[in-house]
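*Asks:* One structure, as structure tokens, below. Some questions next.
The values are calculated or read from the model by the stated rules, or taken from the named source; none is laboratory data. None of the values given here were measured: they were computed from a predicted structure. Reconstructed Cβ throughout: ideal geometry from the backbone, glycine too, with neighbour counts over all protein chains shown.
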Amino acid sequence: MQAQQAPRTLFEKIWSRHSIMQRPDGQVLLYIDQHLVQDGSAPAFEMLRQRGITPRVPSRAFATPDHYVPTDSRDLATMADPEKRQMATALMQDAARAGIRSFDLDDPRQGILHVVGPEQGLSWPGTVIVCGDSHTSTHGAVGALAFGIGATEVCQVLATQSLWQRRPKTMRIAVDGRLAAGVCAKDVILAIIGKIGAAGAVGHVIEYAGSTIASLSMEGRLTVCNMSIEAGARAGMIAPDDTTISYLAGRPFSPAGKAWEEQVGRWRALPSDPDARFDREANLSAHEIEPMVTWGTSPEDVVAVTGRVPDPAAAGQPQRREAMQRALAYMGLTPGTCMAEVPIDRVFIGSCTNGRIEDLRSAAAVVRDRKVASGVAAWVVPGSGVVKAQAEAEGLHHIFRAAGFEWRYAGCSMCLGTNGDIGAPGQRIASTTNRNFVGRQGAGVRTHLMSPMMAAAAAVTGRLSDVRQLMAGGMA
Amino acid sequence: MSLKPFERLDAIAVPITQPNLDTDQILPARYLQKPRANNFGEYLFRDLRFGKDGSEQAGFVLNQTPYRDGRIILAARNFGCGSSREHAVWALHDYGFRAVIAPSFGDIFYANALKNGLLPIPLPEPSVLAMLDTVQAAPGSRMVVDLEAQTVLAPDGASHTFDINAFSKHCLLKGLDELGYTLGLLDQIADFERRFEQAGS
């Protein structure tokens, strides 16, 4: 039977296996394996209550507060705003009432859902994973179909464990070649977004492929898939391989024993068939990718750190020119300025994009025996309690602290500042997060997205810097 | 839950020329902690509409007279990209908007809009850019959205047909929601689930 089937993509294999039924208009009711529930979910639980419905399959949901938790302590009472406290409290209450497993704030495994899911072995290849958060695309790195949904959809998943979905198109993005020293997964995804644009993959599920992607660690793959949404994609995914399987082996919620063997057998069959067709294809060469940094207010506004602030006058379309002018005015940048001359006020290392152990190791390697530049406030916010503990076991916290970084507790923190961790108007932040939107890190705050190594380099030099040059000793 | 049925819309179109207008701009993150019972229309485009002291920003389109009563957003590509916050749709809806016309939308925003009585209308980029020019040249221009016929009547009199899936159209026109329908399918879902779990997931 296998031989008669047309070649299928990884996406198609997961999609068809989870299709409960199809509506006459073509939309498919998709079964949801895993529902991750964050502390912005109070409206969805409220919708459910209004209908008198209780969650249908609590065993297929998992909760941990991340958006509304303090990162300077583990005590919710330290948050002055009662509405913020209530968001995290509501999640713990709603989860407890529904029988949904949760890691509460006092649990050492609490953290950002998109860090905790893979780390705990909750995110499996071949599954459909949803969460009321756009960065759910992260979990596609294990070979899952994972995407963000709104509150009404969260309510529907709680009520029915299913979702109506329009079938997305598929796009294969192949990255081939070896990444140079100082260049990492964050630079790869920023380069991809720079190339295809913030709307480049709207309506598509991206499969990342090619030798560069295959050579990435699981942490790196999670970073790449995390920012799929920043290219407009519905989801991003990477075929499971030995890296995936060895990453998942032995994790607390990974299958074990005989079930592990059975699942691994299934996972091995998931990669796209050799002749499978994608609706679109794009290619990048790893050799062309340098350490990247954003200059504007969309993740597509990105250049190599060796580049300059672009000139709107050179933009082809009037609409683009206007958008660039608006972005540069907000960012307080002048066309033609070398990116590596732009001074910064703060550094944020963390988030579901770059809050994993490998990210902290790479940043610590840059920071080691150096000091945070005078006048710069630098933070490390580990992505989870487990990441934090691992980093401390490796002594990374000593390196960061000795350099002058604040070493904080896990949470989303300054990525979007819903917990109150925000910058002051006009401050410029070197940030390992995913969005440089206007006001994202606080009203009037200017965000430059980059890798953990690059953010660490910015911390010690006090300006955007080429980490390669710093590490080669070519920079004071 | 029932929503108000979507009716033929004849309203002022508000031009938003900025591409990639993300949901953080539509509804800043600090309002995500507000319960749904609030009027999210007050928070719509908050930091674009108002200065720090709460005063109106004269340059922002919604603070200009013909546009205050706008009910249709006419936007550049990738409107509503970014965060999955449904609050962005609530803000547009609570303010009074009933349709957004754009060359493309953030996928999650598009899905959220359909579930809240806000009709997202994708039209080809050249058509939308031409409409933006027309509307900017004649502020206060009206457009007509006919969901039943799936047409938009531009200020220049040209009619444009748009796509929408038949089910969402039906729900919008009747003021129904999808969950009520899906709850009627729980037996089929349970059957699927049994087979799915027996097959080892």
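*Asks:* Quick check: is even one residue across region A:196-212 of a type in the set (S, T, N, Q), touching a strand residue (DSSP E or B) at 6+ places or on another chain (Cβ under 6 Å) and closer than 23 Å to B:S83 by Cα?
*Replies:* Scanning region A:196-212 turns up no residue that is of a type in the set (S, T, N, Q), touching a strand residue (DSSP E or B) at 6+ places or on another chain (Cβ under 6 Å) and closer than 23 Å to B:S83 by Cα.
*Asks:* Given A:V372, A:V366, A:V380, A:V386, which one is touching a helix residue (DSSP H, G or I) at 6+ places or on another chain (Cβ under 8 Å), at negative phi and part of a loop (DSSP other than H, G, I, E, B)?
*Replies:* Going through A:V372, A:V366, A:V380, A:V386 in turn, just one is touching a helix residue (DSSP H, G or I) at 6+ places or on another chain (Cβ under 8 Å), at negative phi and part of a loop (DSSP other than H, G, I, E, B): A:V372.
*Asks:* Determine which single condition A:K13 fails, assuming it passes every other condition in (1) touching a residue at least 60 places away in the same chain (Cβ under 8 Å); (2) buried (at least 19 other Cβ atoms within 10 Å of the Cβ); (3) touching a helix residue (DSSP H, G or I) at 6+ places or on another chain (Cβ under 7 Å).
*Replies:* In the conditions (1) touching a residue at least 60 places away in the same chain (Cβ under 8 Å); (2) buried (at least 19 other Cβ atoms within 10 Å of the Cβ); (3) touching a helix residue (DSSP H, G or I) at 6+ places or on another chain (Cβ under 7 Å), A:K13 misses (3) alone.
Table: residues versus (1) of a type outside the set (A, V, I, L, M); (2) in contact (Cβ under 8 Å) with a residue 40 or more places away in the chain.
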{"position": "A:P7", "(1), (2)": "yes, yes"}
{"position": "A:I20", "(1), (2)": "no, yes"}
{"position": "A:R56", "(1), (2)": "yes, yes"}
{"position": "A:A61", "(1), (2)": "no, yes"}
{"position": "A:P82", "(1), (2)": "yes, no"}
{"position": "A:D106", "(1), (2)": "yes, no"}
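*Asks:* Mind checking which residues of region A:341-362 are within 23 Å of A:S73 (Cβ to Cβ) and in contact with a Phe, Trp or Tyr (Cβ under 9 Å, 6 or more places away or on another chain)?
*Replies:* A:R346, A:V347, A:F348, A:I349, A:G350, A:L360
*Asks:* Which of the residues belonging to region B:7-45 are within 17 Å of B:A91 (Cα to Cα), hydrophobic (A, V, I, L, M, F, W, C) and either within 13 Å of chain A (Cβ to nearest Cβ) or surrounded by fewer than 20 Cβ atoms within 10 Å (Cβ to Cβ) (or both)?
*Replies:* B:I16, B:L21, B:I26, B:L27, B:A29, B:L32, B:A37, B:F40, B:F45
*Asks:* Just checking, does region A:352-369 include any residue being buried (at least 17 other Cβ atoms within 10 Å of the Cβ), over 25 Å from A:H135 (Cβ atoms), in contact with a Ser or Thr (Cβ under 9 Å, 6 or more places away or on another chain) and of a type in the set (V, I, T)?
*Replies:* Checking region A:352-369: not a single residue is buried (at least 17 other Cβ atoms within 10 Å of the Cβ), over 25 Å from A:H135 (Cβ atoms), in contact with a Ser or Thr (Cβ under 9 Å, 6 or more places away or on another chain) and of a type in the set (V, I, T).
*Asks:* Please specify each residue of region B:52-62 satisfying the condition of being surrounded by 12 or more Cβ atoms within 10 Å (Cβ to Cβ) and either over 18 Å from the mean Cα position of the chain (by Cα) or under 18 Å from A:G444 (Cα atoms) (or both).
*Replies:* Result: B:E56, B:Q57, B:F60.
*Asks:* Right, next: Sort out which residues of region B:46-75 are among the acidic types (D, E) and either more than 29 Å from A:D301 (Cα to Cα) or more than 11 Å from every other protein chain (Cβ to nearest Cβ) (or both), and write them in order of number.
*Replies:* Passing the criteria: B:D53, B:E56, B:D69.
*Asks:* Suppose we filter region B:46-86 for residues that are touching a strand residue (DSSP E or B) at 6+ places or on another chain (Cβ under 9 Å) and at positive phi; how many remain?
*Replies:* 3
*Asks:* Still on this structure, I have one more. Which members of region B:172-181 meet the condition of being modelled with pLDDT of 95 or more and in contact with a helix residue (DSSP H, G or I) (Cβ under 8 Å, 6 or more places away or on another chain)?
*Replies:* Across region B:172-181, the qualifying residue is only B:L172.
*Asks:* Now for a separate question. Can you list the helices (runs of 4 or more DSSP H) found entirely within region B:117-201 that contain at least 1 residues being within 13 Å of another protein chain (Cβ to nearest Cβ), in contact (Cβ under 8 Å) with a residue 60 or more places away in the chain and surrounded by fewer than 16 Cβ atoms within 10 Å (Cβ to Cβ)?
*Replies:* By residue number, B:125-137, B:178-183.
*Asks:* Let me ask you something else. Pick from region A:418-444 the residues that are more than 11 Å from every other protein chain (Cβ to nearest Cβ), closer than 18 Å to A:H67 by Cβ and part of a loop (DSSP other than H, G, I, E, B): which of them is farthest from the chain's Cα centre (by Cα)?
*Replies:* Here the residue is A:G423.
*Asks:* Tell me which of these B:S104 doesn't satisfy, since it passes every other one: (1) away from chain A (no Cβ under 14 Å); (2) small (G, A, S); (3) free of Cβ contacts under 8 Å to residues at least 40 places away in the same chain.
*Replies:* (1)
*Asks:* Out of (1) farther than 12 Å from A:D39 by Cα; (2) of a type in the set (D, E, K, R); (3) touching a helix residue (DSSP H, G or I) at 6+ places or on another chain (Cβ under 8 Å), what's the single condition that is false for A:R85?
*Replies:* Unmet for A:R85, out of (1) farther than 12 Å from A:D39 by Cα; (2) of a type in the set (D, E, K, R); (3) touching a helix residue (DSSP H, G or I) at 6+ places or on another chain (Cβ under 8 Å): (1).
*Asks:* A:G232 fails exactly one of the following numbered conditions: (1) over 16 Å from the mean Cα position of the chain (by Cα); (2) free of Cβ contacts under 8 Å to residues at least 60 places away in the same chain; (3) more than 26 Å from A:I357 (Cβ to Cβ). What is the number of that condition?
*Replies:* Answer for A:G232: the failing condition is (1).
*Asks:* Only residues that are charged (D, E, K, R) and surrounded by 23 or more Cβ atoms within 10 Å (Cβ to Cβ): list them for region A:173-199, please.
*Replies:* Result: A:K186, A:D187.
*Asks:* Does at least one position in region A:162-169 carry a residue that is under 21 Å from A:A201 (Cβ atoms) and within 20 Å of the chain's Cα centre (by Cα)?
*Replies:* Scanning region A:162-169, I find no residue that is under 21 Å from A:A201 (Cβ atoms) and within 20 Å of the chain's Cα centre (by Cα), so the answer is no.
*Asks:* So which strands (runs of 3 or more DSSP E) stay within region A:21-97 end to end and still have 1 or more residues that are facing chain B (nearest Cβ under 9 Å)?
*Replies:* Fully inside region A:21-97 and qualifying: A:28-31.
*Asks:* Right, something else. Could you tell me how many of the residues in region A:200-211 are farther than 21 Å from A:R166 by Cβ and surrounded by 24 or more Cβ atoms within 10 Å (Cβ to Cβ)?
*Replies:* Within region A:200-211, residues that are farther than 21 Å from A:R166 by Cβ and surrounded by 24 or more Cβ atoms within 10 Å (Cβ to Cβ) number 1.
*Asks:* Further question: Looking only at region B:74-93, decide whether some residue is surrounded by fewer than 22 Cβ atoms within 10 Å (Cβ to Cβ) and in contact (Cβ under 8 Å) with a residue 12 or more places away in the chain.
*Replies:* yes
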